[in-house]
Amino acid sequence: MARKIVITSGKGGVGKTTICANLGVSLAKLNQRVVLVDVDIGLNNLDVVTGIENKIVYDIVDVIENKCRIKQALVQDLNYPNLYIMPSAHSYNKSQVTAENVKKVVEELNDYFDFVLIDCPAGIDEPFKRAVCGADEALVVVTPHLSSLRDADKVLMMLTAFNLNSVSLVVNRVRGDMILDKEMLDANKIAEILNVKLCGVIPEDDNIATFLSLGKTVNKNCDSYLAFNILAKNMFEDAKKLFDCTEKYKGIKGFLKRLIRKRI
Ligand SMILES: Nc1ncnc2c1ncn2[C@@H]1O[C@H](COP(=O)(O)OP(=O)(O)O)[C@@H](O)[C@H]1O
Ligand SMILES: [Mg+2]
């Protein structure tokens, strides 16, 4: 029986797809069988982030329209054999892609995986509902910016209408230097404001963009790599550790780093 987790936010561009792909990798490294389901139909990019776009033969819409079996649409990750991607389509016949049909696909994946991570589109309309209805848990992604907080608040409210077992928060793009300089809210404060359990903190990390441009998930020796591993442990073992984004900006060396960043 898989845990079916939708990764959502309301606002676009806050890091849902990035978190979905990298959390999937970290869970796969914990020997979990993971499938990433791209439900962002029409604006899909999970395939690009995971570098599998040239391996796609069928997609989720083909499964829904009975053009193929579910296993035929699954693409195995190039580096992690436990990780699969169910790609989305560039275009589709809207009438077929109903919440009920998406839920059926997710249910069927239940038998083969430990984790089904659903990459949700932005917004709070029909496509959002389609992505959430198959899940039994939600991970809400927020960045420490006012507009993102406001949208997350709306989404948290919307999620109460679904029968979810758990809803938790990941704060993305956190800058430790700005927190220490009191220019950014820290993740615990954000979780307190939104009144939701905090289960992950991901730092602002230029490596994410670098790896993405190569069609790869993040790799060793960068802060976000560690942060995604901690998030996966929190999800898998219900651990409570959080990545400390302020650590490298503390002490004399850290203070100098903060000064340099401010001057750039
Ligand atoms: N922690 C981070 N640090 C730096 N850049 C990030 C981080 N998280 C996401 N990004 C960048 O933000 C952009 C939007 O991310 P994406 O995952 O596509 O958002 P969404 O799926 O919510 O629309 C991408 O260019 C990605 O590289
Ligand atoms: Mg996305």
Quick one: which residues, 5+ away or cross-chain, put their amide H under 5 Å from the amide H of residue 84? H built at 1.01 Å from N. 34, 35, 36, 77
Select from region 68-158 those chymotrypsin sites (Phe, Trp or Tyr not before Pro) which occupy a DSSP coil region and have at most 15 other Cβ atoms within 10 Å, ordered by residue number. 112
If you filter region 141-211 for GluC sites (Glu not before Pro), then keep DSSP loop positions with at most 12 other Cβ within 10 Å, what is left? 183
Asserting the computed 222 nm helical MRE of the chain (DSSP H runs at least 4 long, -39500 (n - 2.57) per run, divided by residue count, to nearest 500) equals -11500 deg cm²/dmol
For the pair residue 252 and residue 161, what calculated FRET efficiency results from E = 1/(1 + (r/R0)^6), where r is the Cβ-Cβ distance and R0 = 35 Å, to the nearest 0.05? 0.10
Give the residue from 190, 43, 222 lying farthest towards the positive end of the charge dipole for region 3-263; charges sit on Cβ (+1 for Lys and Arg, -1 for Asp and Glu) and the dipole is referred to the Cα centre. 222
Taking every DSSP beta bridge with both residues inside the chain, roughly what % is antiparallel (nearest 5)? 5
With a 1.4 Å probe and all protein chains left in place, how much accessible area per residue does region 3-263 have, in Å²? 48
Of every hundred units of 1.4 Å-probe accessible area on the chain, the number belonging to carbon and sulfur atoms, as a percent, is 50
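The values are calculated or read from the model by the stated rules, or taken from the named source; none is laboratory data. Remember, it's a predicted structure, so these values are computed and weren't measured experimentally. Note that each Cβ is placed from the backbone with ideal geometry, even for glycine, and that neighbours are counted across all protein chains shown. Surface accessibility is based on the protein's heavy atoms, side chains included, excluding ligands, DNA and RNA. Shrake-Rupley method; radii C 1.70, N 1.55, O 1.52, S 1.80 Å.
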